[in-house]
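> Structure incoming, see below.
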Ligand code: 9MR
C-alpha cells in the first residue's frame, strides 16, 4: 500500500519537474523510494503537526501522508490548555487520547504541545490574581496531563513562548502570579510526573540575538541548578529570505553551546509579502486593515513556478544545514501537512492563500518535497 502511494508521489513530482524544467541543479529527479522520515533516519526525527480532523480520522488523505512520510507528530491545537482543561476541575481527554493512540499505533515519536503557554489558555486562568490559586492550578494541570501520558508522550513543550523579543521574561499571567521561578518549577513538576520524557523549552524568533541570549541564559541556569531540561525548541516560522542561513546556523551553534540539543519544532516558510518585515509568531498581532488587499495575497489560484522553485531551494538549503549539524539536532517538525490547512493562510492577515508546506492543496508533494529528498545525507540508505 505504502509503496504504491510512494510511486504515485514520484510520478507526480517528476511530472512537475518536467513541466517547469530541470535547469536548476538542485532539482535533479529522484530515483530511490525514500520517504522524508527514512531519508533522514539516524540523523533526526521528521515530524508534522496534525490538526483535529487528522487526529479524529476525518482527513484520511492527510493521515496517509503523515503515517507514510513522518515518524513524529505534534498536536497543532488539541493538547492546549483551553481544550484539555477548560474548567478548574474539568479535563477533556477525548481528542488527546486519540492523538496519542495514533502515534502509538504507528510507532511515532509523540510530542505534547504545550503545557504552560499564555495563549489558548482556559478562560478561568486568564485573570487569576493570587499566587496560591495559580500554583494549585498549574500543579494540577501538569501532574494530570503529563501523568496520563507517562511513557507514551516522548517529549513535552513544557513552557512555550515565555520570553519577550528583548530577552526579558514575558509578563504573562504565570509570571504575574508566580514570579520568574515559575519556569523552573514547571520543569520540575513535569519531570516528577514523567521522569523519562524529554522536556523542552519552545519559542520563536531565536534568530534575534537578544531574545536568544535571554532564553539560553535561562537554559544554562536551569541546567546548573540541576533542573532537568532536555532541549530547546526553535519554532522556525520563517520566510523565503529570513532568517539567513548564517543566522540559522548561529542558532544551532548557540543552543548546542548551552548544552542541549535543538529541535526545529514548527517549521514553515511563508511565500507571501511581509512589508512590515514582521516575522515570528506573535499570534495577537492584528492586521485586519489589509484583509482582501490583493497585493498582500498575490497568488490566490496557484504558486508561480518561479516562486515554487524559490521555496524548493530555500527548503533544500535549510535541510542541507540541518544535515551538516545533525549531531546537534534532535527533530525537525513541519507546522502542518498541506498548504490548505496552514495557519499562515490566516496570519498575520486573514483569508490569504499561502504555500508554506511540502504538500499542495490537492495533497500532492510539491517541488519543495522533492528538493528535501535530494539533500545528501551522511548516512544514505
Ligand atoms: O497553528 C495553530 C493555530 O491553529 C492556532 O489558531 C494558533 C492560536 O494561537 O496557534 C497555532 O499554533 C501556534 C503554536 O501552538 C505555538 N507557536 C506558534 C504557532 C502558530 O501561531
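> Going through 92, 97, 129 one at a time, which residue ends up being in contact (Cβ under 8 Å) with a residue 12 or more places away in the chain, more than 16 Å from the ligand (Cβ to nearest atom) and over 18 Å from residue 190 (Cα atoms)?
Working: 92 fails: in contact (Cβ under 8 Å) with a residue 12 or more places away in the chain; 97 fails: in contact (Cβ under 8 Å) with a residue 12 or more places away in the chain.
Exactly one of 92, 97, 129 is in contact (Cβ under 8 Å) with a residue 12 or more places away in the chain, more than 16 Å from the ligand (Cβ to nearest atom) and over 18 Å from residue 190 (Cα atoms), namely 129.
> Which residues, taken from segment 300-354, are within 16 Å of the ligand (Cβ to nearest atom) and in a loop (DSSP other than H, G, I, E, B)?
Those that are within 16 Å of the ligand (Cβ to nearest atom) and in a loop (DSSP other than H, G, I, E, B): 335, 336, 337, 342, 346, 347, 348, 349, 350, 351, 352, 354.
> Confirm whether residue 179 is within 24 Å of residue 267 (Cα to Cα) and away from the ligand (no atom under 16 Å from the Cβ).
no
> Here's a follow-up. What tally of residues in segment 41-70 results from selecting those that are surrounded by fewer than 22 Cβ atoms within 10 Å (Cβ to Cβ), part of a loop (DSSP other than H, G, I, E, B) and either over 17 Å from the mean Cα position of the chain (by Cα) or more than 16 Å from the ligand (Cβ to nearest atom) (or both)?
Residues flagged as surrounded by fewer than 22 Cβ atoms within 10 Å (Cβ to Cβ), part of a loop (DSSP other than H, G, I, E, B) and either over 17 Å from the mean Cα position of the chain (by Cα) or more than 16 Å from the ligand (Cβ to nearest atom) (or both) within segment 41-70 amount to 7.
> Please note which helices (runs of 4 or more DSSP H) are completely contained in segment 104-210 and include at least 3 residues that are touching a strand residue (DSSP E or B) at 6+ places or on another chain (Cβ under 6 Å).
182-193
> Let me ask another. If the Cβ limit is 6 Å and pairs must be 6+ apart or interchain, which residue in segment 202-218 that is free of Cβ contacts under 8 Å to residues at least 40 places away in the same chain pairs with which residue that is in a helix (DSSP H, G or I) and buried (at least 19 other Cβ atoms within 10 Å of the Cβ)?
Once the first residue is free of Cβ contacts under 8 Å to residues at least 40 places away in the same chain and sits in segment 202-218, no partner that is in a helix (DSSP H, G or I) and buried (at least 19 other Cβ atoms within 10 Å of the Cβ) comes close enough.
> Another question about this same structure. For a quick check of your reading of the model, give me the residue pairs whose first member lies in segment 314-342 and is at positive phi, whose second is within 13 Å of the ligand (Cβ to nearest atom), with beta-carbon atoms closer than 6 Å and at least 6 apart or on different chains.
Note: pairs meeting the criteria are 336/49; 336/342; 336/357.
> Determine, yes or no, whether residue 381 is modelled with pLDDT under 95, more than 14 Å from the ligand (Cβ to nearest atom), surrounded by fewer than 18 Cβ atoms within 10 Å (Cβ to Cβ) and not in a strand (DSSP E or B). Steps first, please.
On the way: modelled with pLDDT under 95: yes; more than 14 Å from the ligand (Cβ to nearest atom): yes; surrounded by fewer than 18 Cβ atoms within 10 Å (Cβ to Cβ): yes; not in a strand (DSSP E or B): yes.
In short, yes.
> Which of the residues belonging to segment 148-171 are out of contact with any helix residue (DSSP H, G or I) (no Cβ under 7 Å at 6 or more places or on another chain), within 16 Å of residue 197 (Cβ to Cβ) and buried (at least 22 other Cβ atoms within 10 Å of the Cβ)?
Residues satisfying the conditions are 155, 157, 160.
> Any residue at all in segment 148-162 that is within 16 Å of the ligand (Cβ to nearest atom) and more than 22 Å from the chain's Cα centre (by Cα)?
Among the residues of segment 148-162, not one is within 16 Å of the ligand (Cβ to nearest atom) and more than 22 Å from the chain's Cα centre (by Cα), which makes the answer no.
> Could you look through segment 76-103, keep only residues that are in a loop (DSSP other than H, G, I, E, B) and surrounded by fewer than 19 Cβ atoms within 10 Å (Cβ to Cβ), and pick out the one that is nearest to the chain's Cα centre (by Cα)? Please lay out each step first, then the result.
Within segment 76-103, the first condition is being in a loop (DSSP other than H, G, I, E, B), and the residues that meet it are 76-80, 85-86, 88-89, 91-93.
Keeping just the survivors that are surrounded by fewer than 19 Cβ atoms within 10 Å (Cβ to Cβ) gives 77, 86, 88-89, 91-93.
On the way: 77: 11, 86: 24, 88: 28, 89: 30, 91: 25, 92: 23, 93: 22 Å.
So, considering only residues that are in a loop (DSSP other than H, G, I, E, B) and surrounded by fewer than 19 Cβ atoms within 10 Å (Cβ to Cβ), the one nearest to the chain's Cα centre (by Cα) is 77.
> Residue under question is residue 129, and the condition is that it be touching a helix residue (DSSP H, G or I) at 6+ places or on another chain (Cβ under 6 Å), surrounded by fewer than 21 Cβ atoms within 10 Å (Cβ to Cβ) and at pLDDT 95 or above; does it hold?
Here the answer is no, as residue 129 does not meet what is asked.
The values are calculated or read from the model by the stated rules, or taken from the named source; none is laboratory data. As the structure is a computational prediction, the values presented were derived from the model and not from experiment. For neighbour counting, all protein chains shown are included, and Cβ atoms are generated from backbone atoms with ideal geometry for every residue, glycine included.
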